[in-house]
1. Choose one answer from 217, 363, 48: the residue with the largest mean-square fluctuation in a GNM of the chain with alpha-carbon springs under 10 Å.
2. Where the eigenvalues come from the Cα gyration tensor of the range 14-183, what are the semi-axes √(5λ) of the equivalent ellipsoid, largest first, in whole Å?
3. Can you give the angle from 0 to 90° between the axis of helix 156-166 and the longest principal axis of the chain, with both taken from C-alpha atoms, to the nearest 10?
4. Given a cut-off of 14 Å, what percent of all Cα-Cα pairs of the range 228-295 lie beyond it?
5. Would you mind estimating how fast the chain diffuses translationally, via Stokes-Einstein at 25 °C and 0.890 mPa s with the Kirkwood radius over Cα pairs, in µm²/s?
6. Which of the three applies to the range 190-327, rounded, prolate or oblate, going by the alpha-carbon gyration tensor with a ≥ b ≥ c and a/c under 1.5 meaning rounded?
7. Tell me, what is the Rg over Rh of the range 108-156, with Rh the Kirkwood radius over Cα pairs?
8. Of all alpha-carbon pairs in the range 258-315, indicate the percentage at a distance above 13 angstrom.
Amino acid sequence: MMMENYLRYDPVSPELFRRNRQRLFEVLPDNSLVILHANDIMPSNADGQLGFIQQSNFYYLTGIDAPKAALFLIKTPSENKSVLLIEKSNPTTVLWEGRKLNLNQAQQLSACDDDLDEVTTFDEYEALVIKYTSVLDSVWVDFEEHSRADKLVETRNQRYKNSLQKQGFTDFLDLSTLLIPLRMVKQPEEIEAIKKAIQITGSAFKASLAIIKPNIGEWEIESYLLHQMQNHRTRRWAFTPIVASGLSACTLHYVSNHQVCKSGDLLLLDIGCEWANWNSDMTRVVPVSGSFTPRQKKVYQAVLDIQNYAKSLLKPGVLLEEYQAQNMQYTAKKLVELELMSRAEYMNETVRLTKTKKYFMHGVSHHLGLDVHDVNYMSEPLQANMILTVEPGIYIEEESIGIRLETNVLITLQGCEDLMQDIPIDIDVIEKLMNS
Ligand SMILES: [Mn+2]
């Protein structure tokens, strides 16, 4: 691209964002208006701010990685038109924050059409809302519904939706019902970005094996991993990293990473970074001392076997709910082998399920993309070019053993491809690397 790169990552092909808008136009009814907003910069305390993360749907359709921006899509029988609004620079923002994107740059980044589309400044927002809502039948806004979303703080999209409701305007539609099916199937540029995030995560993990030893602090490993990742130009963790030694690995979302690693303990690393807003999500477990105990090896191998079993099931047409049940069933067998469940308990279906959930209490897979737990419809069968995690675990509190092994896979026409196949996972490989 003939423009200065304003972000740390390599520019993503603008063609992706144009194609995404085109795919949305194809499913949008005639005489529709889409109004989508960038995320805000969230405040912390006093005049402090949290780091900026772009609204995923807005980014998916524009490639614009900046706040105070909006996108209008106008579909009529005669045209599919995009109107992109971005923040205007002024002397104060130039002094404090640097120059904002200009209209020409925004047009290039989003591949807006020279003639048909419009790129303008955010000052035009109110006027454009009035102009288009008055002439078009249906207004689509992003409800940002997620079963586990925290709605305590409203995003710009939610504020807009709520303000429409307060004005007595209730006749709007949820854009995510159209976008979720599109986002579930990854475009080639997205697959490349996720592969890049995976590669950075994997190389940081491999490097960290040289420093993991008894008496190192979990926080030291965290900072080392981030250092390695940022050397490769990622901007941030994909999620708050879990660096959990010993019993802490049995707390699924342990994030304080404040304890000292002890000889004989296992260390669980659930880590990943972003690349151009796409994410990787990996979990590995290593022995602090460099060697697994016989019992740790046995449990570790059982989890790895479940991961391989799960991967063998994944292919187009699979329903995640059935897949989860099959994995629970396989895990129950492994729990018998590990003497965590008796044969009698295994034979009783109710007891078997309860006991299995005691040691394995979360889902095996989730979709991965612009969101770490990416948007999806559980009832949709898998299709080629979806990307999922595969992350079975066995957590035995009474033995201070918590093992989860997580990889990221691409669904292919015949099955799935492990995108982390080059990142060490076999017991002997991990031990060899830690002792070399
Ligand atoms: Mn995960």
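1. It is 48.
2. Semi-axes from the Cα gyration tensor: 24, 21, 16 Å.
3. Rounded to the nearest ten degrees, it is 60.
4. Distances greater than 14 Å cover 61 percent of the Cα pairs.
5. 104 µm²/s
6. oblate
7. My calculation of the ratio gives 1.07.
8. 72 percent
FYI, it's all coordinate maths here, none of it is from the lab. Predicted model, so just to flag it, every value in this text is computed and none were measured. FYI the Cβ positions are ideal-geometry reconstructions off the backbone, even for glycines, and counts take in every protein chain you see.
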